[in-house]
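J.: Right, I'll just put the structure down here and ask away after.
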Amino acid sequence: GGQGDRTSLITVSVSPSFLLGGGDPQFFVNGLYFDPPGNLVVNSGSSVTGNWVMFEMPVAALVTEISVDMGPGSNANWKWQACQDGTSWVDISGTIEFTTSGGTGSGGGTDHATRLNQWVIPIANPFAWKYYRLLGVSGSGGSTYLNEFEFKILGLE
């Protein structure tokens, strides 16, 4: 969990409608905040609805917070879901509107704390799940791209 390279711990996959710009989904957990051309890009003009990025933990993990880092131009609605089997999903967050004007970073940086569009999502009533996914709820692609995901795991914080 947490920061740094977690490629040996977390397996990442994406729905077929997403483009990766020639990259690997594992780039989302490699600890780097900008590694083009590996960013996840929604097909230009396509809806994000029903598209997803899935994270498989090595064992069920009690995640209390998830950080998402994205590039400028992101503009869509998403929600976090979790499950034990990779198919029976339950919502663990409300709908989150990722926009270019939001986020907590100061902008212009190359690490998570200084990126403009860093989103920190607390998980209400956390439970230990094996699978987590970010699911597209509404909005369309174009310049939407995602960079890095971090999971605050109880006991590994």
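J.: Tell me whether region 77-89 contains one or more residues that are modelled with pLDDT of 80 or more, touching a strand residue (DSSP E or B) at 6+ places or on another chain (Cβ under 9 Å) and of a type in the set (A, V, I, L, M).
T.: yes
J.: If I filter region 20-64 down to residues being among the acidic types (Asp, Glu) and open to solvent by 40 Å² or more (accessible area, probe 1.4 Å), which single residue comes out as modelled with the lowest pLDDT?
T.: Once the filter is applied, the top-ranked residue is Asp24.
Listed here are the residues, each with its yes/no results for (1) within 19 Å of Val12 (Cβ to Cβ); (2) surrounded by 17 or more Cβ atoms within 10 Å (Cβ to Cβ); (3) modelled with pLDDT under 90.
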| residue | (1), (2), (3) |
| --- | --- |
| Ile66 | yes, yes, no |
| Gly94 | no, no, no |
| Ser101 | no, no, yes |
| Gly107 | no, no, yes |
| Val120 | no, no, yes |
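The values are calculated or read from the model by the stated rules, or taken from the named source; none is laboratory data. Owing to the predicted nature of the structure, the values given are computational and were not obtained by experimental measurement. FYI the Cβ positions are ideal-geometry reconstructions off the backbone, even for glycines, and counts take in every protein chain you see. When the accessible area is computed, the model is the full protein with side chains, heavy atoms only, and any ligands, DNA or RNA have been set aside. Shrake-Rupley method; radii C 1.70, N 1.55, O 1.52, S 1.80 Å.
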